[in-house]
Structure formats: structure tokens, C-alpha cells
Amino acid sequence: MSQDKDRRGPSDRRRELSDHVLAEGSVSASDLAERFGVSLMTIYRDIDELEREGILRRFRGGVTVQPSGVFESNVAFRKKTMLAEKEAVAAKAATLIEPGMSVMIDDSTTALELARLLPGIDPLTVVTNFLEALNLLADERGLHLMALGGDYDRLHDSFLGVPCVEAVEALRVDLCFVSTSSVFGRYAFHQEQRIVAVKRAMLKAADRSVLMIDHSKLGRTALHRLAPLSTFDLVLVDDRTPPEALRSLEESGVPYEIAPTRA
């Protein structure tokens, strides 16, 4: 296609383009050019800009929001994936919480499912850097809600950076619940160093820590080592976890429990 026929501005087109890729997961550049009525050159300019912003990543011939070893999918995409498994793991995690506790949750979408279950377990102090979780729980009278500030990151809808780490380090909680993008061997990994820094601080600030992961995270690796699995007091996985992955957890010596998904 030699001429652009799209009359939308670049920002509007890129917003629609990112929404389309979020819905599809992965799309070829040629399909995008046809869909938006623009040249491949224009599409690649859009892709380059969206990749620079961290919204999606480019691969040969197309674009995707699927994670890789160095790219973490943004929160809008992660909220739609493995939802039944995340709900199951969150439900299992909620059974560990008792009224009167102080609980810290990270900015993972599994932790968001746990946040939905916290109303009713009161009184309870909840600490988080996840803006969506804060908004979800803001009107719950039985909860004492503490927000961890810092640099707002719109791709994760959370607060990160040195101010957030320092805010975490000033606290001590009974229980900390975190998730991560990959577990390989005896270690948990994540793609982004700034996320790792906050999660590590959270683990150090808790009397007990729980790793919540769905089975898609197991057997994958990412750029940054978050922590040995031995750091966690408990690992929660869903019941669709393959037997070989469970054997790997057993070999690590870390206690784990299996969360049943709904039939």
C-alpha cells in the first residue's frame, strides 16, 4: 500500500492499534496495515513508538503483547489471561488470612483477584502499590488501607521506584502475597529490574511470604532473578499444573499447595 487512507491522527490510531493487539494477542504488520488503511512504513512507525513506550513488542513480521524473557505484558492484557487459575490461587491464598492481620500485596493481577476477596475478612490492614487494588478497596470500611507511593507506572498501574521501596522498608507486615512472571528451577524470575526491587523489599518486610503462580509461569525464565524459591514460606499453584512442574517444586524443597479451579 503506497498511500495512507486513514484520516485519524497518529495518537488515535496507535491507541486503537494497541487495543486491537491487546484483544488478539499477536498480529502481523500486514494485517494491521490493511485494517487501518495505512502503509507498512506507517504501521512500523506506530509499532516502534508503542514498543518504545513498553506497550507491546515487535517480532519478525508482526507485533505481540505476549510476554518474553525481557518483556512483561501490560496489566490490561494480563488481567484477561489465566483468569480461572488466578481466581483459584487467590481463593486458596485468602484462606491464609485472618482478621486482625496486616497483609501486603504486590501489583500482580493474581494479587488483584486476592484483593477482591479481602472485604469481609475484617478488621484487616492491607498495604499495596497497585492502584487498581487501592481503588477496588477504597470504600471498604472494615479495611485499613495503606498506599505505597512512588513513581506511577501506567503500564503496570502501580507505583514503583526508590520512593516505593523506601515506603515498603519502613513497614512490617504479617503476610506478603506476590506473584511473578516465571519460575525456573529453584528460582523466581521477572523481566523488569524496577519490579524486582519492589517485590524483594516486600518479601523482606513480611513475617511470612507466599508466592502465587498459575501453571503458565512454571518452566519459563526471565531476565532478572527475583529470589530463590526457598525465600517463600509457601508456593500456591493451580490444579492444572503439569506433574513434571510439581516434581520440580518438590525437588526445590519448598512447601506448596494446589488450588482447585472451578469445574
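So which residues in segment 214-244 are open to solvent by 50 Å² or more (accessible area, probe 1.4 Å) and either farther than 14 Å from S182 by Cα or acidic (D, E) (or both), if there are any at all? Scanning segment 214-244 gives S230, T231, D233, D239, R240, P243, E244.
Please tell me if F159 is open to solvent by 10 Å² or more (accessible area, probe 1.4 Å), out of contact with any Asp or Glu (no Cβ under 9 Å at 6 or more places or on another chain) and either at pLDDT below 95 or closer than 24 Å to E113 by Cβ (or both). No; evaluated as a whole, the condition is false for this residue. Only one of the listed residues (V65, V27, V75) is of a type in the set (V, I, T) and within 26 Å of C164 (Cα to Cα). That residue is V75.
Please count how many residues of segment 26-35 are within 25 Å of R78 (Cα to Cα) and either out of contact with any Lys or Arg (no Cβ under 9 Å at 6 or more places or on another chain) or not in a strand (DSSP E or B) (or both). Going through segment 26-35 one residue at a time, the tally reaches 6.
Applying the selection to segment 219-243, what residues are modelled with pLDDT of 90 or more and outside any strand (DSSP E or B)? Selection gives L229, S230, T231, F232, D233, D239, R240, T241, P242, P243.
Considering only segment 193-203, I want to know if a residue exists there that is more than 20 Å from G161 (Cα to Cα) and open to solvent by 50 Å² or more (accessible area, probe 1.4 Å). No, segment 193-203 has no match at all.
The values are calculated or read from the model by the stated rules, or taken from the named source; none is laboratory data. Please read all numbers here as calculations on a predicted model, not as lab measurements. Reconstructed Cβ throughout: ideal geometry from the backbone, glycine too, with neighbour counts over all protein chains shown. SASA here: full protein model, heavy atoms, side chains in, ligands and nucleic acids out. Shrake-Rupley method; radii C 1.70, N 1.55, O 1.52, S 1.80 Å.
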